[in-house]
Amino acid sequence: MPCLARCVLALLLATAALAVPATATAGDEDPLNFIAFSTDFDSKCVERRGVMIYIANTHPSRTMKLVLERWYMDNRTADRGRSLLKPGVEPEPLGCSNIEGGKQEWKVLKSEWAD
């Protein structure tokens, strides 16, 4: 096959490959990839020398279900929180980062899509 024909064929194959829609990998749709923790100042938390901790769903269209566990002073507590996070809504407040002189935080125990 002459060089020009090989180059044209290679160009056509490359263009065809670009036209095929990319398929999402399993990791792309893992709910954990769309969880965002954030903080902001809240008067009751500032009084306790902390900030309010929020959680949000960053996926553009899917709702997720979460089970969160609360940690206090680096120890897991018996508290479990359940959240249904819809896309495009304000972040959900979890609580202050500091209470009674100790650090408080939340970790995701389980996440799945609700739809």
* Name the lysines eligible as straight-distance cross-link partners of LYS110: C-alpha to C-alpha under 23 Å, and not fewer than 8 places from it in the same chain. => LYS65, LYS86
* Under 16 Å from the Cα of LYS44, which lysines turn up, not counting those fewer than eight places away in the same chain? -> LYS103
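Here, each number is a calculation from the coordinates, and none is a lab measurement. Keep in mind it's a predicted model, so treat the numbers as computed, not measured.
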